[in-house]
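Here is the structure we will look at.
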Amino acid sequence: MTAIAHRAALLHSLADPAEVGLDASYEYHADGLLLVEDGRIQAMGPAAELLPTLPTGTPVIEHPHALITPGFIDTHIHYPQTGMIASYAEQLLDWLDTYTFPTEGAFADPAKAAEVAQVFVGELLRNGTTTALVFGSVHPQSVDAFFEVAERLDLRMIAGKVLMDRNAPDYLQDTAASAYTDSKALIQRWHGKGRLHYAVTPRFAPTSTPEQLEAAGRLLAEHPDVYLHTHLSENLKEIDWVKALFPERANYLDVYDHFQLLGPRSVFAHGIHLCDAECQRLHETGSAVAHCPTSNLFLGSGLFDLERMEAFKVNVGLGTDVGAGTSFSLLQTLGEAYKVQQLRGHRLHPFKSLYLATLGGARALRLDERIGSLAPGHDADFVVLDLKATPLLDFRLQQAKSLEETLFVLTTLGDDRVVRETHAAGRLVHSRDA
Ligand code: GUN
Ligand code: ZN
């Protein structure tokens with residue numbers, strides 16, 4: 001493949017601002033050049049420096065009034081819930097019974113799964129999300145349908161079949177034994193194929209028997225480079241339920257810990273109502289938490305304590321949690337993350353927001369050598385953001401006096417309209433204006 005250069009403002013995170021301070025946390029080139037070849041980033045830097053070094057004939061694509069950033073990383077989302085986003089319910093447990101379980105039941109049909117997978121991946125790309133950690137349904141064919149779409153587009157995606165063998169309708173239950181054999185077959189079929197990865201995916205502690213959680217632990221022990229993806233400490237009634245089901249465990253996280261489900265490739269969605277011991281254990285094991293603000297507000301689950309996660313040095317990524325989350329857009333998700341922190345008396349800095357949606361997500365997924373950055377050698381997964389996407393955004397940004405102000409406005413007003421192009425492995429996979 002021949003090289004292509006993209007010319008625009010370039011911005012990416014270099015590190016967590018909580019660790020290195022704001023100034024050292026990012027790199028920005030107002031007139032930058034991103035050189036892409038064979039699906040990877042070859043070079044990035046000031047256009048004035050790089051243009052003279054390009055081999056003659058290298059195409060240079062100009063992106064007027066645009067900002068290029070790494071593709072966004074969604075560390076928690078449910079693809080079967082695409083069609084039930086914005087469902088009117090009480091809190092988590094009522095929402096699951098009333099809408100979620102019946103909706104997921106339809107994914108026994110591979111044609112339904114294929115149709116929704118197509119819509120779902122289209123929405124990810126329209127919103128600039130190039131990598132996501134994805135719940136399927138309990139049906140293995142749901143995961144086949146999702147991976148087939150992702151593979152065709154050569155996307156870096158992580159997904160898994162849900163494990164649930166109790167406290168759910170019969171039509172949605174597997175068993176400890178089938179969970180093990182079906183997951184193992186999916187791992188063999190998909191894990192490491194192209195840019196795809198597998199996640200062992202128990203729904204949450206209340207819907208798995210101890211035997212099934214033990215089987216999940218066995219899968220992880222036998223396949224140390226697959227992920228573990230589940231929910232943790234989202235809702236107070238959920239937490240009481242876990243206590244009643246597992247009275248011998250010290251806390252909610254300890255249920256997963258007991259079955260050896262913690263580790264550097266384990267991602268726990270929500271983690272709102274954690275005690276210090278749980279935070280400490282997340283840190284010690286290198287586990288990550290997916291913060292899902294639109295979902296937490298929508299279901300009235302609670303306000304995520306980001307400062308505490310920083311204090312305990314827990315890896316945090318950002319998740320939309322669609323369908324409890326109300327948007328596929330990580331820009332909108334950052335807008336809500338900001339408001340959640342405001343309600344906690346903490347101000348989320350725009351450079352921390354950039355980090356959470358890109359490099360922080362990549363670190364939570366242990367993929368920061370591959371994605372989350374525009375540095376040479378990384379996968380060429382990036383977005384072209386239109387700074388004049390709407391009349392109001394254009395007008396507001398004309399008053400912006402700094403990069404951080406521009407970024408803050410983008411995360412407060414931005415949504416899918418801002419994403420002019422999405423590129424994955426160097427290929428254009430979404431063009432807003434096409
Ligand atoms: N806990 C268990 N299942 C789910 C789910 O589908 N969505 C959310 N937000 N929380 C859950
Ligand atoms: Zn979820």
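Is it fair to say His78 is within 16 Å of ligand 1 (Cβ to nearest atom), touching a Phe, Trp or Tyr at 6+ places or on another chain (Cβ under 8 Å) and either farther than 20 Å from Ala424 by Cα or in contact (Cβ under 8 Å) with a residue 12 or more places away in the chain (or both)?
Yes; evaluated as a whole, the condition is true for this residue.
Please go through region 225-252 and give me each residue that is more than 20 Å from Thr320 (Cβ to Cβ) and either within 21 Å of the chain's Cα centre (by Cα) or of a type in the set (S, T, N, Q) (or both), ordered by number.
Asp225, Val226, Asn251
Take region 90-144 and flag every residue that is away from ligand 2 (no atom under 14 Å from the Cβ) and hydroxyl-bearing (Ser, Thr, Tyr).
Thr98, Thr129, Thr130, Thr131, Ser142
Within region 269-292, how many residues are among the β-branched types (Val, Ile, Thr) and out of contact with any Phe, Trp or Tyr (no Cβ under 8 Å at 6 or more places or on another chain)?
1
Among the residues of region 280-299 satisfying the criterion of being of a type in the set (S, T, N, Q) and crowded, with 17+ Cβ neighbours inside 10 Å, which is farthest from ligand 1 (Cβ to nearest atom)?
Per the stated criteria, the residue is Thr285.
Which of the residues that make up region 65-84 are more than 12 Å from ligand 2 (Cβ to nearest atom), farther than 30 Å from Arg7 by Cβ and not small (Gly, Ala, Ser)?
Listed by number, the residues that qualify are Thr82, Met84.
Only one of Ala269, Ala311, Ala277 is within 16 Å of ligand 1 (Cβ to nearest atom) and either closer than 24 Å to Lys237 by Cα or of a type outside the set (Val, Ile, Thr) (or both); which?
It is Ala269.
Exactly one of these conditions fails for Leu33: (1) at pLDDT 95 or above; (2) within 16 Å of ligand 2 (Cβ to nearest atom). Give me its number.
Unmet for Leu33, out of (1) at pLDDT 95 or above; (2) within 16 Å of ligand 2 (Cβ to nearest atom): (2).
In region 155-172, which residues are surrounded by fewer than 18 Cβ atoms within 10 Å (Cβ to Cβ) and either of a type in the set (A, V, I, L, M, F, W, C) or closer than 24 Å to Phe120 by Cα (or both)?
Tyr171
For region 86-102, what are the residues that are part of a helix (DSSP H, G or I) and either closer than 17 Å to Ser233 by Cα or near ligand 1 (Cβ under 10 Å from one of its atoms) (or both)?
Selection gives Leu92, Leu93, Asp94, Trp95, Leu96, Tyr99, Thr100, Phe101.
Would you mind telling me which numbered condition in (1) within 22 Å of His378 (Cβ to Cβ); (2) under 17 Å from the mean Cα position of the chain (by Cα) Ala117 fails?
For Ala117, the exception is condition (1).
Considering region 179-207 alone, what residues qualify as being surrounded by fewer than 19 Cβ atoms within 10 Å (Cβ to Cβ) and within 21 Å of the chain's Cα centre (by Cα)?
The answer is His191, Gly192, Lys193, Gly194.
Go through region 300-309 and count every residue that is surrounded by 16 or more Cβ atoms within 10 Å (Cβ to Cβ) and over 18 Å from the mean Cα position of the chain (by Cα).
4
Among the residues of region 255-266, which ones are more than 16 Å from Ala205 (Cβ to Cβ) and either within 16 Å of ligand 1 (Cβ to nearest atom) or not small (Gly, Ala, Ser) (or both)?
Pro264, Arg265
What tally of residues in region 202-239 results from selecting those that are within 14 Å of ligand 1 (Cβ to nearest atom) and within 17 Å of Pro264 (Cβ to Cβ)?
Residues that pass the stated criteria total 3.
For His6, which of the numbered conditions (1) more than 22 Å from Ala389 (Cα to Cα); (2) in contact with a Leu (Cβ under 6 Å, 6 or more places away or on another chain) fails to hold?
Of (1) more than 22 Å from Ala389 (Cα to Cα); (2) in contact with a Leu (Cβ under 6 Å, 6 or more places away or on another chain), only one is false for His6: (1).
Tell me which helices (runs of 4 or more DSSP H) are completely within region 130-241 and hold 3 or more residues being within 21 Å of Ala114 (Cβ to Cβ), or say none if there are none.
140-152, 176-190
Would you be able to tell me the number of residues in region 82-98 that are among the polar types (S, T, N, Q) and under 24 Å from Thr358 (Cβ atoms)?
Number satisfying all stated conditions: 1.
The values are calculated or read from the model by the stated rules, or taken from the named source; none is laboratory data. In this text, all values refer to a predicted model and were calculated from it rather than measured experimentally. Here the Cβ is made from the backbone with ideal geometry for all residues, glycine too, and neighbour counts use every protein chain on show.
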